[in-house]
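In what follows, a single structure is set out as structure tokens and then discussed.
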Amino acid sequence: MNFSSKHNMESKEGIEALFLYATEGILVVNDGGHIIRINPSAEKLFGYDKGELVHKKIEVLIPSRLSDKHTHHREKYGHNPHARSMGAGMELYGLKKNGSEFPVEISLSPYSNAEGKFVVAFIVDITVRRQAEEKLRNYSDELEKQVKNRTLILEEAIEELEKTKKDLYKALDKERELNELKSRFVSMASHEFRTPLTTMMSSLSLVTKYGEQNDKENQIKHVSKIKTSINTLTDILNDFLSVSKLEEGKVENS
């Protein structure tokens, strides 16, 4: 299928159609910084009526805090015009007619003809992209925060586990010392029990013997020894019971 040149997108009519129906904003600025043409998408983007921006300074679309800097950059660009993305590494903002700002991405393409030097600016509203980037940053920050919090919780858990381990070892050492003390006490108690018991057995034999001989004096003497041995055993037994209760926590050690 053949098309005539007037239907070719490289024709004046084709270029005009691209300008009018492009979804991104397009405006043409002369070397004095005045807008000489602007497409419908750009007018809609900045909230202006058809033709309202023609002949106005480009700085009318720049937030006031940035307009002086922009004028300087525009004049500098006029000395060395070349196709490029504007403000690489910078955050650019456009100013709507109602005074609200929005983030933009701008590409510049200079051209010249018999009428003078011009720059075509292609403008894209990147509000949605910025929101997505901000959401991603917030998500990353939140994720990093959660990782830090969980790491901190894990560190605290490990620290608590180490403390529990030390307390357990301390309790085991105390238990070991207590068992050794108990063993020494039992050995000592066994020895202490054996002496009065031996005395009692011996005295009982002598009491029986002196009873047969009707020797009251020696009987009384050995009965007294038996009583003394019983009292000694009672004292040893009480000491043993006191230590046992102390071990169980029933008696406070003063």
>> Counting just the Cα atoms, what span does the chain cover along each of its three principal axes? Round to the nearest Å and put the largest first.
In response: 159, 50, 33
> Beyond 25 Å, what share of the Cα-Cα pairs of the range 10-148 remains, rounded to the nearest whole percent?
Replying inline: 32
> What residues have an amide H closer than 5 Å to that of Asp31, excluding those fewer than 5 places away on the same chain, when H is modeled at 1.01 Å from N in the peptide plane?
Replying inline: Lys117
> Going from most exposed to least, what order do Arg74, Arg84, Arg176 have by accessible area with a 1.4 Å probe?
Replying inline: Arg176, Arg84, Arg74
> Put a dot 7 Å past each Cα toward the Cβ at Arg37 and Glu159; how far apart are the dots in nm?
Replying inline: 7.0
>> Over the chain, what is the relative contact order in percent, taking alpha-carbon pairs closer than 8 angstrom and at least six residues apart?
In response: 11
> For the range 150-235, what ratio Rg/Rh do Cα atoms give with a Kirkwood hydrodynamic radius?
Replying inline: 1.59
> Put Leu61, Leu197, Leu66 in order of accessible area, largest first, 1.4 Å probe: what do you get?
Replying inline: Leu197, Leu66, Leu61
> Between Leu92 and residues 5 or more places away or on another chain, which pairs have amide H atoms under 5 Å apart, with H built 1.01 Å from N, and which residues are they?
Replying inline: Val104
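The values are calculated or read from the model by the stated rules, or taken from the named source; none is laboratory data. Given the structure is predicted, the values throughout are model-derived calculations rather than measurements. Neighbour counts are summed over all protein chains in view; Cβ atoms, including those assigned to glycine, are modelled from backbone coordinates with ideal geometry. The area values use the complete protein model at the heavy-atom level, side chains included, leaving out ligands, DNA and RNA. Shrake-Rupley method; radii C 1.70, N 1.55, O 1.52, S 1.80 Å.
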